[in-house]
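Novice: Handing you this structure, nothing more for now.
The values are calculated or read from the model by the stated rules, or taken from the named source; none is laboratory data. A quick note: this is a predicted structure, and the numbers were derived from the prediction, not measured. Reconstructed Cβ throughout: ideal geometry from the backbone, glycine too, with neighbour counts over all protein chains shown. Note: areas computed on protein heavy atoms with side chains; ligands, DNA, RNA excluded. Shrake-Rupley method; radii C 1.70, N 1.55, O 1.52, S 1.80 Å.
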Amino acid sequence: MRTIQTSEIIDAVAKMCVSANTELPADVRSKLEKAMAEETSPSAKEVLRQLLENADLAHNTKLPLCQDTGLAVFFVEVGDDVRIEGGNLREAINEGTRRGYKDGFLRKSACDPLSRANTGDGTPAIIHFDFVPGDKLKISFMAKGGGAENMSRVTMLAPAQGWEGIKKFVVNRVAEAGPNPCPPTVIGVGIGGTFEHAAKIAKRGLLRKLDDTHPDPDIAAKEKELVDAINALGIGPMGLGGKTTVLGVKITMEPCHLASLPLAVNVQCHSQRHEEVEL
Amino acid sequence: MAEYKLNTPLTDEDIAQLKAGDVVFLTGTIYSARDAAHKKLVDLLDAGKELPFKLEGAAIYYVGPSPAPPGRPIGAAGPTTSYRMDSYAPRLYSLGLKATIGKGKRDAATRQAMQDYTAVYFGATGGAGALLSNSIVESNVIAFDELGPEAIREMKVEDFPLLVINDSHGGELYAVPDRKAAGIE
């Protein structure tokens with residue numbers, strides 16, 4: 001049994017909230033650079049140039065990449081042989097979030113759904129726990145901005161609709177979202193599970209690297225099929241037209257009820273801000 | 001596609017010359033307002049009360065900046081998605097508002113209001129919050145402080161880089177998704 005102090009968790013989470021919001025991930029930068037080289041439309045090129053300049057500025061000034069520093073979303077893998085000492089794990093993650101959002105001058109965007117009163121400190125964070133073998137604690141953080149999140153959808157297809165139905169729904173969702181979610185986007189697709197599980201696995205897929213390949217060759221081919229179809233829409237960077245509407249599509253598929261075909265599309269903006277830490 | 005340097009307050013002449021796709025560098029005073037602030041502005045109008053700033057010739061920036069770190073007038077300050085303000089925009093345009101600044105599509109009523117009242121919708125690059133903050137040289141909360149990031153700020157801007165998305169003649173810049181090419185039609 002390994003012991004991890006909550007103070008260590010709080011520090012790690014606070015640091016991660018700040019760095020994920022101020023540093024463009026290397027895989028995202030290289031995708032944006034590649035897209036800029038391939039685009040022929042001057043407005044598409046200009047948007048991508050601004051995004052790269054923005055990333056340099058954020059790095060140099062420690063300003064956040066985007067004013068919407070998101071709702072703090074965490075995926076946590078707790079090893080079976082880990083014992084948390086000094087308090088509760090969920091509270092430690094919330095405290096780290098509070099501290100990171102305050103010390104990093106990040107925008108506090110959590111509010112009451114109806115009165116819209118701001119909670120004032122960026123919490124509560126959205127936290128998904130999973131229990132895995134081993135003696136490590138892995139915490140993945142995602143800054144989920146409202147503009148892209150609002151364009152996400154869950155639907156329950158009929159089993160007969162199959163892959164064609166899935167493809168049509170995903171591509172159509174990106175077409176309808178148009179310029180709103182800050183394209184070029186990253187699209188997490190959750191297929192299977194139940195109503196709520198599809199949404200969760202769609203989001204978890206966004207933690208993957210942009211340039212990885214799905215280990216299942218059939219799913220990898222489906223991801224490529226969706227990337228090609230979405231880019232054929234011609235929405236382009238910020239909706240101004242062009243070849244780059246999506247930087248990546250990440251499919252997560254799990255078994256579902258024999259009567260169901262749950263499908264979730266989680267839209268993420270071009271910054272794809274996320275980071276992970278292992279304690 | 002032309003390039004213009006404009007100053008606030010904006011006039012009908014300033015706006016009428018603009019066409020979708022033109023680049024505009026805006027200098028002067030603009031006001032931040034987003035969801036909750038718009039609701040409060042409209043509540044004031046309904047009650048027959050004065051607004052915290054003059055709408056005539058004004059530009060509203062749909063932004064909720066991150067907090068200003070020491071030594072800077074403002075934190076990251078990129079545009080938020082505009083459609084959420086569509087239920088308020090036609091009324092504000094009708095009262096003299098000349099420009100809104102945001103990102104993403106506007107609805108039909110808002111686009112029509114721009115034609116009816118010689119107004120315009122500018123796009124700024126979404127997510128370029130650090131970069132755009134460099135054009136904001138001063139920022140002060142002038143109303144609804146209790147709304148935090150959503151408070152109304154008077155901001156002085158210098159050469160704020162904008163793109164005309166919807167002009168006052170019915171023109172629009174956004175690409176129409178090609179569903180046929182994508183194989184879903």
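Novice: For B:Thr8, work out the one condition from (1) within 13 Å of B:Ile152 (Cβ to Cβ); (2) surrounded by fewer than 21 Cβ atoms within 10 Å (Cβ to Cβ); (3) more than 14 Å from every other protein chain (Cβ to nearest Cβ) it doesn't fulfil.
Specialist: (1)
Novice: Tell me which of these A:Lys138 doesn't satisfy, since it passes every other one: (1) charged (D, E, K, R); (2) closer than 23 Å to A:Leu207 by Cβ; (3) touching a helix residue (DSSP H, G or I) at 6+ places or on another chain (Cβ under 9 Å).
Specialist: Going through (1) charged (D, E, K, R); (2) closer than 23 Å to A:Leu207 by Cβ; (3) touching a helix residue (DSSP H, G or I) at 6+ places or on another chain (Cβ under 9 Å) one by one, A:Lys138 breaks only (3).
Novice: Filtering segment A:58-91 down to residues that are part of a strand (DSSP E or B) and surrounded by fewer than 14 Cβ atoms within 10 Å (Cβ to Cβ), which residue is farthest from the other protein chains (Cβ to nearest Cβ)?
Specialist: Step by step, filter segment A:58-91, then rank; the result is A:Arg83.
Novice: Continuing with this model, one more query. Can A:His274 be described as within 14 Å of another protein chain (Cβ to nearest Cβ) and open to solvent by less than 40 Å² (accessible area, probe 1.4 Å)?
Specialist: No, not satisfied.
Novice: So A:Val249 clears everything in (1) modelled with pLDDT of 95 or more; (2) part of a loop (DSSP other than H, G, I, E, B) except one condition, right? Which one?
Specialist: Result: A:Val249 fails condition (2) only.
Listed here are the residues, each with its yes/no results for (1) at the interface with another protein chain (Cβ under 7 Å from one of its Cβ atoms); (2) among the hydroxyl-bearing types (Ser, Thr, Tyr); (3) touching a Lys or Arg at 6+ places or on another chain (Cβ under 8 Å); (4) without any contact (Cβ under 8 Å) to a residue 12 or more places away in the chain.
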position: B:Thr125; (1), (2), (3), (4): yes, yes, yes, no
position: B:Ser133; (1), (2), (3), (4): yes, yes, yes, no
position: B:Asn140; (1), (2), (3), (4): no, no, yes, no
position: B:Glu146; (1), (2), (3), (4): no, no, no, yes
position: B:Glu150; (1), (2), (3), (4): no, no, yes, no
position: B:Leu163; (1), (2), (3), (4): no, no, no, no
position: B:Asp167; (1), (2), (3), (4): no, no, yes, no
position: B:Tyr174; (1), (2), (3), (4): yes, yes, yes, no
position: B:Lys180; (1), (2), (3), (4): no, no, no, yes
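Novice: Select, from B:Leu92, B:Leu147, the only residue that is surrounded by 19 or more Cβ atoms within 10 Å (Cβ to Cβ), in a helix (DSSP H, G or I) and at pLDDT below 95.
Specialist: The match here is B:Leu147.
Novice: Filter segment A:23-77 for residues that are of a type in the set (S, T, N, Q) and farther than 20 Å from A:Thr245 by Cβ and give the result.
Specialist: Within segment A:23-77, A:Asn60, A:Thr61, A:Gln67, A:Thr69 qualify.
Novice: Turning to a different aspect of this structure: Could you list all residues from segment A:181-240 that are small (Gly, Ala, Ser) and without any contact (Cβ under 8 Å) to a residue 60 or more places away in the chain?
Specialist: A:Ala220, A:Ala221, A:Ala232, A:Gly234
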